[in-house]
Amino acid sequence: MAVARLVDPTGAGRARLLIVGGSAEGRGVVTSASYEARAYGVRSAMSTARAARLCPGAMVVPVPWEACADKSREIGAVLRRFTPVVEQASSDESYLDLTGTAELYGESLADTGRRIREAVRSETALTVSIGGGTSKLVAKLAAGVAKPRPGEGTGTDGVMVVPAGGEAEFMLQFALADIPHVGPRFQERLARFGLRSVGDAVRHDRATLIGWLGDREGAWLYERVRGVDHTQVAANRETKSVSRDETFPMDLDDDAALAAKLLTLADRASADVRAAGLVARTVTVKLRDADFTTRQASRTLSHPVRSDRAVYVVAQALLKRLRATRRVPARLVGVALSQLAPASEDAQLSLLEPAAEPLETERDRTLADVIDTVREKFGHDALSRGGSR
């Protein structure tokens, strides 16, 4: 099993004091930061406003989401050449089940990891770190250790494999906060019992941890600090939803301006659904107010849709409902499409549900397909509906 991670996909590691994510006005969260900025305390998932206060000399650049998505797909295509069991956990992280490949390829897991790393670099011009182990937890942490860092030499050359039986020793180098799903609140609870590092926790038996934390969390922590994780790599996970949102440089209080932003987001979300060969039955609009209150409204349709016009008609009505409920400036708007199904099943669904008039017409779908064709040939900005630019 191995995990591959993108390393600085936006080039953050090649510039000093660089923060990637959000805007210079402090909107959004940090998705990546140069090592120079990290020395000031900047971390991923931190608000950009706080990051800018910690590191006032940093340059804040937005994330090129379209380019990242394209590169993520390119990397996924390379990974699937080595094994069909690939689980994409996020745009910059994938898990590969390489069980039995040592015999298949006639090489060690580490050597296979180096070939994967070189193939990704050669075909996408991006560098990944590769971590391997007997569980997803160990592989994920090993990938972090494998990541080359300035001033530390070549080290693991971007690949690190923890051998079977070496999990417990490997885990001793980490803080409990490094273990996925040990968040700030859980860390506070653990600290009450003097548990801050893996070494602190591993000294206690299962019964003690369960007595302190309860059956579920105590047993969970007992296994994780020993590198035990029975979660399987789930290949080709079904897409549950497709969403697009935007955080504004300045709060918006104008209905027309919000509707224009929503139109662009509906356009992009519906294009993503079509690209995946899907249709959607539920449209959800999310609105985050200036005071960080997040609200949303949804509508489930009797007939699935995939065109930007149909999605926007529903989304616009939902936005109006949210705005009527609470009229305050907004800092973010988003649209999500869910209850997804293969487009090939749509005709059967329509025959089974003739009672309601479809929101989407054949003309809508034809126009959407034409727009997709033009954009594929000339770029995403080549064609759009009026008002979405």
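LEU301's amide H: which non-local residues (gap 5+, or another chain) put their own amide H closer than 5 Å, with H modeled 1.01 Å from N in plane and none for Pro or chain starts?
Here THR282, VAL283 satisfy the definition.
Using a Förster distance of 51 angstrom, determine the FRET efficiency expected from the C-beta separation of ARG363 and GLU74, and round it to 0.05.
Efficiency computed from Cβ-Cβ geometry: 0.90.
At a 10 angstrom cut-off on C-beta neighbours, averaged per residue, how do the peptides 85-91, 136-142, 101-107 rank from highest to lowest?
Top to bottom by mean Cβ count within 10 Å: 136-142, 85-91, 101-107.
Suppose accessible area is computed on protein heavy atoms with a 1.4 Å probe; arrange PHE248, PHE82 from highest to lowest.
PHE82, PHE248
Put a dot 7 Å past each Cα toward the Cβ at HIS181 and ALA235; how far apart are the dots in nm?
Label-label distance for ALA235 and HIS181, simple model: 2.4 nm.
Quote the FRET efficiency, to the nearest 0.05, computed for SER302 versus ASP255 with a Förster distance R0 of 25 Å and r equal to the Cβ-Cβ distance.
Step by step, r from the Cβ atoms, then E = 0.35.
Compute the distance from the alpha-carbon center of segment 157-185 to that of segment 186-228, in whole Å.
15
Skipping prolines and chain starts, which residues have an amide H placed within reach, meaning under 5 Å, of the one on VAL279, given they are 5 or more residues away or on another chain?
ALA341, ALA343
So how strong a dipole does segment 104-201 carry about its Cα centre when Lys and Arg Cβ are +1 and Asp and Glu Cβ are -1, to the nearest 20 debye?
Dipole size: approximately 380 debye.
From Cα pairs below 8 angstrom and at least 6 apart in sequence, can you work out the relative contact order of segment 59-114, rounded to a whole percent?
20
Output wanted: per-residue J couplings in Hz (rounded whole) for segment 220-231, from phi through Karplus 6.51 cos²θ - 1.76 cosθ + 1.60, θ = phi - 60°, x for Gly and Pro.
My calculation for segment 220-231 gives 4, 5, 4, 6, 5, 5, 9, x, 8, 8, 8, 5 Hz in order.
Explain nothing, just the number: dipole magnitude of segment 34-184 about its Cα centre with +1 on each Lys and Arg Cβ and -1 on each Asp and Glu Cβ, in debye rounded to the nearest 20.
My answer is approximately 500 debye.
How large is ³J(HN,Hα), in whole Hz, for each residue of segment 73-89 in order, when computed from phi with the Karplus curve 6.51 cos²θ - 1.76 cosθ + 1.60 and θ = phi - 60°, using x for Gly and Pro?
Once rounded to whole Hz, the list reads 5, 4, 5, x, 5, 5, 4, 6, 6, 8, 6, x, 9, 10, 10, 8, 7.
Quick query: amide H of ILE130 versus all other amide H atoms, modeled in the peptide plane; which residues come in under 5 Å with a sequence gap of 5 or more or a different chain?
VAL159, MET160
With each label point set 7 Å from Cα along the Cα-Cβ vector, what nm distance links SER44 and SER108?
Between SER44 and SER108, the simple spin-label model gives 2.7 nm.
Hey, can you rank 276-283, 158-165 by average C-beta count inside 10 Å, highest first?
Descending packing order for the listed peptides: 276-283, 158-165.
In segment 152-258, what percent of the accessible surface is made up of carbon and sulfur (1.4 Å probe, ligands and nucleic acids excluded)?
Solvent-exposed carbon and sulfur of segment 152-258 make up 49 percent of the total.
Apply the Karplus curve 6.51 cos²θ - 1.76 cosθ + 1.60, θ = phi - 60°, to the phi angles in segment 118-129 and return the couplings in whole Hz, x for Gly and Pro.
Residue by residue, segment 118-129 yields 5, 5, 5, 4, 5, 9, 10, 6, 10, 9, 10, 9 Hz.
Could you compute the net charge surrounding ALA191? Neighbours are other residues with a C-beta less than 13 Å from the C-beta of ALA191; K and R count +1, D and E count -1.
Its environment carries a net charge of +2.
The values are calculated or read from the model by the stated rules, or taken from the named source; none is laboratory data. Everything numeric here is computed off the predicted structure, so don't read it as measured data. FYI the Cβ positions are ideal-geometry reconstructions off the backbone, even for glycines, and counts take in every protein chain you see. What goes into the accessible areas is simple: the full protein's heavy atoms, side chains included, and nothing from ligands, DNA or RNA. Shrake-Rupley method; radii C 1.70, N 1.55, O 1.52, S 1.80 Å.
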